[in-house]
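K.L.:
There's a structure below that I have some questions on.
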């Protein structure tokens, strides 16, 4: 329920800002879709970013990157004799990262084709509305149903870079997120979640 509510608010915020960005020359919104690289996870990791930005100079801008990710996490089980963390579960989380971006002057390739390289940094809360599926295997026979264990949010860091060709963008981003405990209501930790990821994305600006 919480995840659905946040996704709805996310969509409404982006729609409202998109309408406003069309009326103000110093604002824009970037939309990017990407895939996780160098992953040992069984499922393909995907993410979708939407980032309202305010240009503060010809080269610099500040913004708020809102991101939805799917299948980005890997787990370490501290007590596999009693609990099983479901790695087949399509996990997902939200993040809201304050960003700073710097763009260099246009460079020309193929005579009439111009692009602008950029570099960005960010920091903010990750693992919003995140949970994992856990099975209690200590009983015989083990139950068929799992139960959800919430994962507390963490403050993470973003480093990214790429090129912008007119309104299109291509780049790499690395999101460093401290490991988070998988903690039962009793307070005992049964494992950890690694949510950091390197991603390749394409996108555009409005």
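K.L.:
Of the conditions (1) farther than 17 Å from residue 206 by Cα; (2) in contact (Cβ under 8 Å) with a residue 24 or more places away in the chain, residue 54 satisfies every one except a single condition; which number is it?
P.N.:
(1)
K.L.:
Ok, one more. On the basis of being at pLDDT 90 or above and within 30 Å of residue 188 (Cβ to Cβ), does residue 52 make the cut?
P.N.:
no
K.L.:
Has segment 192-201 got at least one residue that is touching a strand residue (DSSP E or B) at 6+ places or on another chain (Cβ under 6 Å), over 23 Å from residue 38 (Cα atoms), in contact (Cβ under 8 Å) with a residue 12 or more places away in the chain and loosely packed, with under 15 Cβ neighbours inside 10 Å? Walk me through it before giving the result.
P.N.:
Pass one, segment 192-201, residues touching a strand residue (DSSP E or B) at 6+ places or on another chain (Cβ under 6 Å): 192-194, 196-201.
Applying the additional criterion that residues be over 23 Å from residue 38 (Cα atoms) yields none.
Checked segment 192-201: no residue is touching a strand residue (DSSP E or B) at 6+ places or on another chain (Cβ under 6 Å), over 23 Å from residue 38 (Cα atoms), in contact (Cβ under 8 Å) with a residue 12 or more places away in the chain and loosely packed, with under 15 Cβ neighbours inside 10 Å.
K.L.:
Residues that are modelled with pLDDT of 75 or more and closer than 24 Å to residue 28 by Cβ, at least 3 per element: which strands (runs of 3 or more DSSP E) completely within segment 75-157 meet that?
P.N.:
Hits in segment 75-157: 92-103, 113-126.
K.L.:
Answer yes if at least one residue in segment 62-74 is at pLDDT 90 or above, crowded, with 17+ Cβ neighbours inside 10 Å and over 17 Å from the mean Cα position of the chain (by Cα), and no otherwise.
P.N.:
Scanning segment 62-74 turns up no residue that is at pLDDT 90 or above, crowded, with 17+ Cβ neighbours inside 10 Å and over 17 Å from the mean Cα position of the chain (by Cα).
The values are calculated or read from the model by the stated rules, or taken from the named source; none is laboratory data. For clarity, every value in this text was computed on a predicted model and none was experimentally measured. Cβ: placed from backbone, ideal geometry, glycine included. Neighbour counts: every protein chain shown.
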